[in-house]
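The values are calculated or read from the model by the stated rules, or taken from the named source; none is laboratory data. Note that the structure is predicted; figures quoted are calculated from it, not measured. As a convention, Cβ positions derive from the backbone with ideal geometry for all residues, glycine included, and neighbour counts pool all protein chains shown.
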Amino acid sequence: MTTPMDASIDRPLASPVGDERFFLGAAIAMTLVIVAGFSNQLAMGRSTFYSPPLVHAHAIMFMGWVTIYLTQNILVATNRMAIHRRLGWVAAGWMVPMIVLGFGATVAMVRRGQVPFFFLPLHFLVFDPLSVLTFAGLTSSAILLRNKTEWHRRLHLCGMSMLMGPGFGRLLPLPLLQPWAWEASFAAGMIFPIVGVAFDLRRNGRVHPAWLWGILAMTASFFVIETITYSGVGQALYRGVTAGSPGAAVSPLEFAAPPAGGLITGRP
């Protein structure tokens, strides 16, 4: 027989209802970082609308995901769950072209020998695709666990955090952070799940395991990226990708000199 005292022991420290405001706030903050970063790039004359079609397609799909993520959190916060679920299946399919275009844009830049000078060419070739794959893995896990709300929303946030590098990278003074430019942008993206951990501790008195798994996956991706970059596997990958292209003449583990006329991203 279960007594009222037994029931109180089994009860969660706090009801999960009400977390919607936190996740909506995080989605808004992430959107602002990305919009501010790319707007700053355009305002500084570092972006051009004359970029190749691949760059535009890549930008449309990734900015589309940011819009979907924000919209999904708004729908949850306003209790429009039927629309949220339908849009969720659109989001699941949206990831496929994101991965393809993300890989394609990275390979194209490396083959043209146009990696930003504050990144090692081989590092760029590795961290861009693996960051996207980590995002896809975390997001797919969130979709599979859609019936476990607390897991679902936390894994989604961790997945979105893996896409924050380009936004932070356009706000941080990355040329001044060389040779740790990518590491700095990655660390900035980790702010969001860490704040989520702090939120859980303050509200519930404990950390939901989804944060731990998400942060573990993100951290593991960081070390895999670093390991591949400075290994023979990375060197072989770079040679294979750049074979027969201008990028083959670029040293994979040396920083390029800053461009005399300023950095223009996505240039043909």
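Taking the condition touching a residue at least 60 places away in the same chain (Cβ under 8 Å) and assigned to a helix (DSSP H, G or I), does residue 225 pass? Yes: the conditions hold for residue 225. Among (1) modelled with pLDDT of 95 or more; (2) out of contact with any helix residue (DSSP H, G or I) (no Cβ under 7 Å at 6 or more places or on another chain), there is one condition residue 204 misses while meeting the rest; what is its number? That leaves (1) as the condition not met. Among the residues of segment 228-237, count how many are in a helix (DSSP H, G or I) and without any contact (Cβ under 8 Å) to a residue 40 or more places away in the chain. The qualifying residues number 3. Just one of the listed residues (100, 126, 107) is surrounded by fewer than 16 Cβ atoms within 10 Å (Cβ to Cβ), out of contact with any Phe, Trp or Tyr (no Cβ under 7 Å at 6 or more places or on another chain) and under 30 Å from residue 244 (Cβ atoms), and it is 100. Residues 160, 218: which one is surrounded by 23 or more Cβ atoms within 10 Å (Cβ to Cβ), on the phi < 0 side of the Ramachandran plot and either modelled with pLDDT of 95 or more or under 19 Å from the mean Cα position of the chain (by Cα) (or both)? When all the criteria are applied, what remains is 160.
Applying the condition of being polar (S, T, N, Q), farther than 25 Å from residue 92 by Cβ and part of a helix (DSSP H, G or I) to segment 18-60 and asking which residue is modelled with the lowest pLDDT yields 41. Checking each residue of segment 61-68 against the condition of being assigned to a loop (DSSP other than H, G, I, E, B) and either free of Cβ contacts under 8 Å to residues at least 24 places away in the same chain or under 17 Å from the mean Cα position of the chain (by Cα) (or both) gives no match.
Here residue 107 meets each of (1) aliphatic (A, V, I, L, M); (2) part of a helix (DSSP H, G or I); (3) within 15 Å of the chain's Cα centre (by Cα) with one exception, condition (3).
When we screen 112, 86, 170 for residues that are within 17 Å of residue 70 (Cα to Cα) and out of contact with any strand residue (DSSP E or B) (no Cβ under 6 Å at 6 or more places or on another chain), the only hit is 86.
Scoring residue 175 on the criteria (1) in a helix (DSSP H, G or I); (2) touching a residue at least 24 places away in the same chain (Cβ under 8 Å); (3) crowded, with 16+ Cβ neighbours inside 10 Å leaves a single failure, condition (3).
Scan segment 178-195 for residues that are buried (at least 18 other Cβ atoms within 10 Å of the Cβ) and more than 16 Å from the chain's Cα centre (by Cα) and the total you get is 0. In this structure, residue 153 does not satisfy being of a type in the set (Lys, Arg) and either closer than 29 Å to residue 240 by Cα or not in a helix (DSSP H, G or I) (or both). Criterion first (assigned to a helix (DSSP H, G or I), at pLDDT 95 or above and under 11 Å from residue 33 (Cα atoms)) does residue 188 satisfy it? It is true that residue 188 is assigned to a helix (DSSP H, G or I), at pLDDT 95 or above and under 11 Å from residue 33 (Cα atoms).
Would you check if residue 177 is under 17 Å from residue 26 (Cβ atoms) and touching a helix residue (DSSP H, G or I) at 6+ places or on another chain (Cβ under 8 Å)? For residue 177, the condition - under 17 Å from residue 26 (Cβ atoms) and touching a helix residue (DSSP H, G or I) at 6+ places or on another chain (Cβ under 8 Å) - is not met.
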